[in-house]
Amino acid sequence: MFQEFLPKEIVVGEIYFPPLLIAFGVAYMAANLTMVLIGRMGVLKHLYAPVLVELSLLVIYAIGLSRYVFPG
C-alpha cells in the first residue's frame, strides 16, 4: 500500500547504499555481539562448531533485517 513511499536505497551524503549491504553490516555486528554474550555465559564450550553458529546467526539476522527493517 505504501510501497511507493519507502526508499529503495539509503543515502549518506551523495553515496547510495543498497539496503542489503546495510542489513548485512548490522547483522554482522549483532551476530558478533550475540557470540560474545554466548561466550560470556559459558555456552560456547558446548558448541561443536562455533563458527557455523556465528554464520547461522549472521544469516538469520540479515534475513530478518532485510525483510522487516530495510525492505528493498
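Structure summary
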read-out	value
Alpha-carbon centroid distance for the pair the range 8-41 / the range 50-72, whole angstrom	9 Å
The range 6-72: trypsin sites (Lys or Arg not before Pro) falling in loop per DSSP and having at most 13 other Cβ within 10 Å	K8
Sequence-separation-based contact order of the range 18-69, relative, with Cα cut under 8 Å and 6+ spacing, percent	58 percent
On Cα atoms only, tilt of 19-41 relative to the major axis of the chain in degrees	20 degrees
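Quick note: the coordinates plus some simple rules give every number you see, no bench work behind them. Because the structure is predicted, anything quoted here is derived from the model rather than measured. Here the Cβ is made from the backbone with ideal geometry for all residues, glycine too, and neighbour counts use every protein chain on show.
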